[in-house]
Amino acid sequence: MKINSKLPDVGTNIFSEMSGLARQYEAINLAQGFPNFNPPQGLIDYVQKALSGNFHQYAPMNGTLELRNAISIMIQNTNEVDADLQNQICVTSGASQALSTAIQAFVHPGDEVICIEPCYDLYRPSIELNQGIYKAVVTEGPDFDMDWEKLKDTITDKTRMIIVNTPSNPTGKVWTEAEWDKLNHITKNNNIIILSDEVYQHLVFDDKRHVSVLEHSELKQRAIATFSFGKTFHCTGWKIGYCIAPTNLMSEFKKAHQFNVFSVPHFLQIGIANYLSDPDTYQGLGKFYQEKRDLFEQLMADTKFTALPSQGSFFQLYDHHELDQSHDKDLAIQLTKEQGVTTIPISSFYSQPPKKQYLRFCFAKTEDVLEKAADLLRDF
């Protein structure tokens, strides 16, 4: 059979590749973005209680009323944003499904979608599967600041969507109100949807605050924001998230959503809704992960790797050029095979790798794992 691939240039993604190497060489996996510890016991208890109840059939297509109500309260508590329970919130099978569905719902053949590189590797394949045209605006370390003139020059009359990720994977950069204002100024007279990937919304450090696109009075009228309970509560394998959008955009989103997954496991929604009734369950997460970031940075201070600032997320970039001028992927493979520590090369988050490359480390691990990884890297 002859197959005309829709993604002819796509193979195994870098996360699967490096995690596979980690298993093969029994290395410490600081590559893929998942914690090595369980979700909070209180959340597990609520989910187990729901599993023992009568929540085994399909949930409502856009999510249970209980969870949508809990999401509405949480967003109001953290961002002072109101969302209509019936028309502006949809529970999804993880943020990845929310992102893919948003692209599917709004990107037509020939539409251009602008992504800010380095960026999560899901964006481009989702755009190309829908026959959209991927366009990149490149930022580079150590600051990864936006070149607003470059963004302005990249926008054409075919631009349909701009994807923003804050806090950023892989850079840890957090957008400010001023940056949202600049984006609004550039796009306000164009028919452009803002797709905002905010999965690390609660994981912000150093007294900074996550500023959602939903807080911007003008942008929120043409924005879809996506979130992840998996990232928030250390349960990435549960694959449950949600998105918020104005009614007109959400109406189109749900048309696609209902034919992708229709609904998300009922008992998970009930368990999470009950757990969210206490705001302390999500309001202290920034401090929890900042302690891990600070510990790992302290442990890595005795190595030849130099930390770049991480304002949020599970991740921190490290400069390796004092130690090794190799291509970052070659070095990541070498570290896995020879030192027993696996990372992700930042070049994988670019269409064309920049001259200055870094390694991305996931610090969402227990202290003993971070200590052992740093010990192994100290000898390199």
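Computed values, structure above
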{"read-out": "Per-region count, the range 6-35, residues closer than 23 Å to Ile240 by Cα and loosely packed, with under 15 Cβ neighbours inside 10 Å", "value": "2"}
{"read-out": "Test: residue in the range 291-304 that is outside the structural domain of Thr232 (by TED's automatic domain parsing), among the aromatic types (Phe, Trp, Tyr), in a strand (DSSP E or B) and closer than 23 Å to Val199 by Cβ", "value": "no"}
{"read-out": "Residue list for the range 322-340, filter: surrounded by fewer than 19 Cβ atoms within 10 Å (Cβ to Cβ), closer than 23 Å to Gly141 by Cα and of a type in the set (D, E, K, R)", "value": "Glu322, Asp324, Asp330"}
{"read-out": "Conditions (1) in contact with an Asp or Glu (Cβ under 8 Å, 6 or more places away or on another chain); (2) outside any helix (DSSP H, G or I); number of the one not met by Gln76", "value": "(2)"}
{"read-out": "Search result, residues across the range 144-168 that are at negative phi, of a type outside the set (S, T, N, Q) and within 19 Å of the chain's Cα centre (by Cα)", "value": "Asp145, Met146, Met161, Ile162, Ile163, Val164, Pro167"}
{"read-out": "Yes/no for Ser251 being under 17 Å from Tyr58 (Cα atoms), more than 20 Å from the chain's Cα centre (by Cα) and surrounded by fewer than 22 Cβ atoms within 10 Å (Cβ to Cβ)", "value": "no"}
{"read-out": "Filter result for the condition that a residue is touching an Asp or Glu at 6+ places or on another chain (Cβ under 8 Å), of a type in the set (A, V, I, L, M, F, W, C) and closer than 18 Å to Leu67 by Cα, over Phe262, Phe227, Phe233, Phe267", "value": "Phe227"}
{"read-out": "Qualifying position, being surrounded by fewer than 21 Cβ atoms within 10 Å (Cβ to Cβ) and either modelled with pLDDT under 95 or farther than 24 Å from Asn189 by Cα (or both), among Leu151, Leu85", "value": "Leu85"}
{"read-out": "Pair list, Cβ < 8 Å and 6+ apart or interchain, from the range 104-117 residues that are at pLDDT 95 or above to residues that are part of a loop (DSSP other than H, G, I, E, B) and aliphatic (A, V, I, L, M)", "value": "Val113/Val107; Ile114/Ile155; Ile116/Met146"}
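The values are calculated or read from the model by the stated rules, or taken from the named source; none is laboratory data. None of the values given here were measured: they were computed from a predicted structure. Every residue, glycine among them, receives a Cβ derived from its backbone with ideal geometry; neighbour counts consider all protein chains shown.
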